[in-house]
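Please read the structure below before turning to the comments.
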Amino acid sequence: MGLFSFLKRSTKNKALFTGLDHSGKSTIISFLQEGRFVEHVPTMGKDLTEMEVQGVRINFFDMGGQSHFRQMWLGEMDDTKCVVYVIDKSDTARFKEAKQELGKILPILKKKQIKLLIFANKHDLAPEVDLGQIITEFELANISNFEIVEVSAKTGYGMTDAFVKFYSILTGQIIRKSVVASAISIYNEGGVPLTVQSGGDDEEFNKKILEGGFLSAITAFAKTKIKNSSVKFESQDDGTYIILRSDNLIGALLWKEDLQIPINVSEEALKELMDHLETLQVHKHEEEISHLVQQYCTNLM
Amino acid sequence: MSEEEMSSVVSCSMVSGLEGHTGSNPMVLKVHPPVQDFTEETIISKVLPHGATPYKFYIDHMDSRKILVYTFEIHQDGRNDLGSIGFVVGKDTIIDNLKIIIQALVKEMEDNQLLDFTTLQAYLPKIIEGLNKQSKIKIEKMKFDVASVLRNNKIELQLGSRKAKGMF
Ligand SMILES: Nc1nc2c(ncn2[C@@H]2O[C@H](COP(=O)(O)OP(=O)(O)OP(=O)(O)O)[C@@H](O)[C@H]2O)c(=O)[nH]1
Ligand SMILES: [Mg+2]
């Protein structure tokens, strides 16, 4: 690497994350990069990170959202390909302020033909606030050239779909979300089932797999007690069960050949889910597990 | 800056922060002892530089004065705050060694649940005094001994101090 090579570093795919303070910009970016929830301190001015996806480098410009920094958003628009505007869906008291700030950047986006992607974040806290309400309250119907997605950077709800959209707006290329599991089930340390999610919303199916292959595989595995270990059980009828023990939980994922993805991708996905659940310390409040796993599984099925 | 200020380890210190709650903004909370041209406007970008993240050192200048800043997190129920403590360092101060002391002090305050804006502001004069005298900094029930950290790490805070010791 030569001297000043940093100057040549391309910012071809520059994405500018804007939105009020506390809306969740930094949390969204780190979730997209790491696949799990990470807590941040408020962003002091701006924070630059990058990530490579399928050989394409993405430059994230995470802008501070406090009133002191909002002026800086405008100064960063020049070589930006996509502006992400993050709204905290649960903070309806600040919708007016959020709408005002969005209003200030819209003319520049129009002039420079920069695409706008709105993240309606914190869906976990306010599932009742739907996109229709946000479109009305922010008068988005008058804007052309924008897209909106509903996400939670805490539970992971909708993050993969949001990323697929973000990536195509930013790079003009399509990536497809892959289904990595036919079913996923989480157990406590002792092997007691806490929740099961399957690709279909079929309760009968859930019940069947819970009572069937999953449970017998888990019962065998629960006895091993080795943390952060994993094992695969093949079942002739169902497919392959990947089972993984994290610090406080056991997770199982059903992989089938017709998913058309390599089994190690599913294994990696299960590991990420377990890391995510451990970060959120869900074993301490088991009643929330079902909801949290359901939200995260929007990325996997 | 007077001769005395130049020869001290640190001549002035400031506490600043960016709180995690909704609607906060960067602020300089205390400058001790007060310096005329150190206003929030003139030093905010030096004590809380753009892009600053917790547990890092930053160095900037104000005319000929060198400012060393250390950032950290202040634990809160919701999102944590970003805090910073800054020092105007003397001309003979060995900055790398001062960093070791500051980092250790902040860590000890954190471990003793004393790392918050109120305590930092209240004890800023004691911190400056302890650094300059290379003695104990007493913060409530916590005692941080600058001299023993220096000894344990086999380091000095100022250039020429070993030579000086040998001479007398
Ligand atoms: N429940 C919930 N909390 C979230 C979500 N996203 C972010 N948070 C929390 O909201 C707070 C603010 O998140 P940040 O990502 O720091 O917000 P920001 O938009 O980067 O804020 P500034 O840097 O000040 O502009 C943090 O305490 C996060 O944990 C979410 O989807 N659900
Ligand atoms: Mg942020």
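The values are calculated or read from the model by the stated rules, or taken from the named source; none is laboratory data. Keep in mind the model is a prediction, meaning the values are calculated, not measured. Quick reminder, even Gly has a Cβ in these numbers, built from the backbone with ideal geometry, and neighbours come from all protein chains shown. SASA here: full protein model, heavy atoms, side chains in, ligands and nucleic acids out. Shrake-Rupley method; radii C 1.70, N 1.55, O 1.52, S 1.80 Å.
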Exercise for the section: Mind listing whichever residues of the range A:159-194 are of a type outside the set (S, T, N, Q) and closer than 17 Å to residue A:60 by Cα? Expected result: A:159, A:162, A:163, A:164, A:165, A:166, A:167, A:169, A:170, A:172
Exercise for the section: Identify the residue in the range B:23-52 that is over 24 Å from residue B:126 (Cα atoms) and open to solvent by 40 Å² or more (accessible area, probe 1.4 Å) and, among all such residues, is farthest from the other protein chains (Cβ to nearest Cβ). Expected result: B:42
Problem - Residues that are near ligand 1 (Cβ under 8 Å from one of its atoms) and either farther than 12 Å from residue B:22 by Cα or not polar (S, T, N, Q) (or both), drawn from the range A:18-28 - result: A:19, A:20, A:21, A:22, A:24, A:25, A:26, A:27, A:28
Problem - Odd one out for residue A:51 among (1) open to solvent by less than 10 Å² (accessible area, probe 1.4 Å); (2) more than 10 Å from chain B (Cβ to nearest Cβ) - result: (1)
Practice task
Could you tell me which of the residues A:125, A:131, A:109 is in the same structural domain as residue A:45 (by TED's automatic domain parsing) and open to solvent by less than 40 Å² (accessible area, probe 1.4 Å)?
Solution key: A:109
Problem - Members of the range B:119-168 found to be modelled with pLDDT under 95, open to solvent by less than 90 Å² (accessible area, probe 1.4 Å) and part of a helix (DSSP H, G or I), listed by number - result: B:161, B:164, B:166
Practice task
Give the range A:61-83 a look and list any residue that's within 21 Å of residue A:145 (Cβ to Cβ) and not in a helix (DSSP H, G or I), or say none.
Solution key: A:61, A:63, A:76, A:77, A:78, A:79, A:80, A:81, A:82, A:83
Handout entry: Filter result for residue A:51 (of a type outside the set (Val, Ile, Thr) and more than 16 Å from ligand 2 (Cβ to nearest atom))
Key = yes
Fill in the blank from the handout: The lone condition residue A:57 fails out of (1) within 11 Å of ligand 2 (Cβ to nearest atom); (2) over 15 Å from the mean Cα position of the chain (by Cα) is (1)
Problem - Matching residues in the range A:94-123 - criterion: being of a type in the set (A, V, I, L, M) and closer than 19 Å to residue A:151 by Cα - result: A:98, A:102, A:116, A:117, A:118, A:120
